[in-house]
Amino acid sequence: MAHEVLMPKLSSTMAEGTITMWLKKEGEAIAIGDPIFEVMTDKIAIEVEAYEEGYLLKRYLQDGESAPVNSIIAYIGEQNEEVPLQMPDSKEEATVETPTEEVTSTQVEESVPAALGINTIRATPSARRLARERDIPLADVTGTGPKGRIHLSDVKNFTPKQEQAVQEKAIESNLIPWKPLRKAIADKMVASKTTIPHVTMTAEVDLTKVVELRQQLLPMIEQKTNERISYLEIFAKAAMIALKDFPIFNAHALEEGIAVFPNIHLGIAVALEDGLVVPVIQSAEQLGLADLTTAIKEKTKKAREGNLTNAEMSGGTFTISSLGRSKVKQFNPIINKPEVAILGVGGMYEKVVFDSTLNEVTNRSVVELSLSFDHRVVDGAPASAFLTQIVTLLENPLGFLL
């Protein structure tokens, strides 16, 4: 059944309205919310949006013509649907009915600048609202609609002249467009850094005994798995042991509260040529060093080959980000939202230290760990204790066996 389009009542004193211009042609498709015509009364102009979808079957007024409020001035319906050839004299004579179109006072207020004269900036109500929210002068926005009408998309895509000039200058030089992965990472990092109060603590680890442990484990694990254990797996194992005593760091910070997980779903940050991904190893705390080595190697390989599924990158509860063989000693990792903490591992380096046991100066392999944590969830004292326990385990790795 065809739906009536009525002349709206814009104010309590309005008796009739004038069609300034139609924004849709007869036969043109209409979606709910599309502006279909502009009406004026008392020098106040406003666009009227459709409240039904279909096709504009008939227009009874031309641009500049007037009609009383609540008069049927058009029909919207299915193609080839029959409607009166002439404009009905009143709503009672119409063959179909629909609720009267209402225009709120807010919409009228949005069109008040038009009261200064008929030659106003043409913009849809939704475009005007967004421009007001973003403090964007409509005069600066280029409209893409009929006769320069400004749509919502025009406001969304608006770039201030100063910023546009900078962009144009950048284009003249060497502008690198955002790649989908890089843009996704950028958005996620901004969301994490701007919504989570990060605090980062660092601690130095003497790796003397870890180096010895790895040398002992290398042939055994390689024989069992065909994989070479790296320091990363040892750091991960120490962190998971410590997480059992500090479960608050194996959690998500949510709007409704803090979700602490019984299992550790370990995220391992993997650097790619143009980005970073974090594959997740489910229930990693249940794996021994051999199985953990296999799991990390497999997920890392899939990440670098671009074969990870969304499921394999979801559900992490604690993340480790390691710089591997790097000259960078320490950094402040950004938390993988909504997780509560992330452990950063800097590059190993040699340090001259005095060995009180041997009473001599010697070289030691050391690494700096950086724990970033969500200060909304946990305070400095437990974070310090958690990081200290990881350091203690690494400097006395026999604790792995307890």
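The values are calculated or read from the model by the stated rules, or taken from the named source; none is laboratory data. Because the structure is predicted, anything quoted here is derived from the model rather than measured. Counting neighbours? That spans all protein chains shown, and the Cβs are built from the backbone with ideal geometry, glycine included. SASA here: full protein model, heavy atoms, side chains in, ligands and nucleic acids out. Shrake-Rupley method; radii C 1.70, N 1.55, O 1.52, S 1.80 Å.
What the table shows:
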read-out: Within the range 45-103, considering residues that are open to solvent by less than 70 Å² (accessible area, probe 1.4 Å) and among the charged types (D, E, K, R), the one modelled with the lowest pLDDT; value: Glu101
read-out: From the options Ser326, Ser322, residue that is touching a residue at least 24 places away in the same chain (Cβ under 8 Å) and open to solvent by less than 60 Å² (accessible area, probe 1.4 Å); value: Ser322
read-out: Number of the condition not met by Val277 [criteria: (1) at pLDDT below 95; (2) within 24 Å of Asn332 (Cβ to Cβ); (3) surrounded by fewer than 16 Cβ atoms within 10 Å (Cβ to Cβ)]; value: (3)
read-out: Strands (runs of 3 or more DSSP E) enclosed by the range 330-381 - at least 1 residues per element that are polar (S, T, N, Q) and surrounded by fewer than 20 Cβ atoms within 10 Å (Cβ to Cβ); value: 360-374
